[in-house]
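Let me give you the structure first, and then I'll get to my questions.
The values are calculated or read from the model by the stated rules, or taken from the named source; none is laboratory data. Quick caveat: nothing in here was measured; it's all calculated off a predicted structure. Cβ: placed from backbone, ideal geometry, glycine included. Neighbour counts: every protein chain shown. Surface areas here come from the heavy atoms of the whole protein model, side chains and all, with no ligands, DNA or RNA. Shrake-Rupley method; radii C 1.70, N 1.55, O 1.52, S 1.80 Å.
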Amino acid sequence: MVIENVKIINMAVEYADPGTIERVKDFNKTNSDYRIKLADYSEYFEWDEENERNINSPDKQLKQDIAAGKTFDIICSWRKTSSTRPSRPACTR
């Protein structure tokens, strides 16, 4: 489907949880001027079982892509809020 005169908002996330995916879909359905194109970096998680270490991770791959010149309008990453509270996405309210 080709939509003329629609501005694309490129959004990168380390992990596209169901809530984020649903909000992006809702935005795209209700907005005729803009569309969010979601890049889910969770596919880049690679674990080496034998050596018990990360080979690649979503945040590492995102940093490499940015350094290589790939740009995003919105970047949503996970952050630890404290040692006792779980991580949460940095791009939510």
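Within the set of pairs 6+ apart or on separate chains, which have a first residue in segment 28-45 that is farther than 19 Å from residue 4 by Cα and of a type in the set (S, T, N, Q), a second that is part of a helix (DSSP H, G or I) and open to solvent by less than 90 Å² (accessible area, probe 1.4 Å), and C-beta atoms under 8 Å apart?
42/58
Sort out which residues of segment 33-56 are in contact with a helix residue (DSSP H, G or I) (Cβ under 9 Å, 6 or more places away or on another chain) and of a type in the set (S, T, N, Q), and write them in order of number.
Scanning segment 33-56 gives 42, 54, 56.
Continuing with the same structure: Could you check how many residues of segment 49-76 are open to solvent by 80 Å² or more (accessible area, probe 1.4 Å) and in a loop (DSSP other than H, G, I, E, B)?
Total meeting the criteria: 8.
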